[in-house]
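**Student:** One structure coming up, written as structure tokens, with questions to follow.
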């Protein structure tokens with residue numbers, strides 16, 4: 001028995017979101033060489049979160065692992 005979340009005959013219509021003011025972001029990159037360093041741990045991630053940094057991506061280019069963060073800043 002199959003259940004479809006959206007009937008196949010109805011197109012998906014995502015909501016329209018209007019932004020009244022343009023947001024501005026700043027970015028942070030942390031690089032770790034995992035051959036001789038540990039990845040970010042819970043304590044480090046919580047400290048970054050306290051500073052309003054949000055983890056947005058992780059990329060690996062051995063031996064480096066790149067952690068990307070962003071946070072909103074006031075214009």
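What follows draws every value from the coordinates through simple rules; no lab data is involved. Model, not experiment: these values are computed from the prediction. Backbone-built Cβ (ideal geometry, glycine too); neighbour counts: all protein chains shown.
**Student:** Take the Cβ-Cβ distance between residue 50 and residue 70 as r, set R0 to 22 Å, and report the resulting FRET efficiency rounded to the nearest 0.05.
**Tutor:** With a Förster radius of 22 Å, E is 0.90.
**Student:** Give me 21, 70 sorted ascending by neighbouring Cβ count inside 10 Å, so fewest comes first.
**Tutor:** So the residues, fewest neighbours to most, are 21, 70.
**Student:** Taking a spot 7 Å from the Cα of residue 25 along the direction of its beta carbon, which residues of segment 42-75 have an amide N less than 18 Å from it?
**Tutor:** Within reach of a label on residue 25, which here means backbone N under 18 Å from a point 7 Å along Cα→Cβ, segment 42-75 contributes 48-60, 66-75.
**Student:** Relative contact order of the chain, please, whole-number percent, based on alpha carbon pairs below 8 angstrom and at least 6 residues apart.
**Tutor:** That works out to 38 percent.
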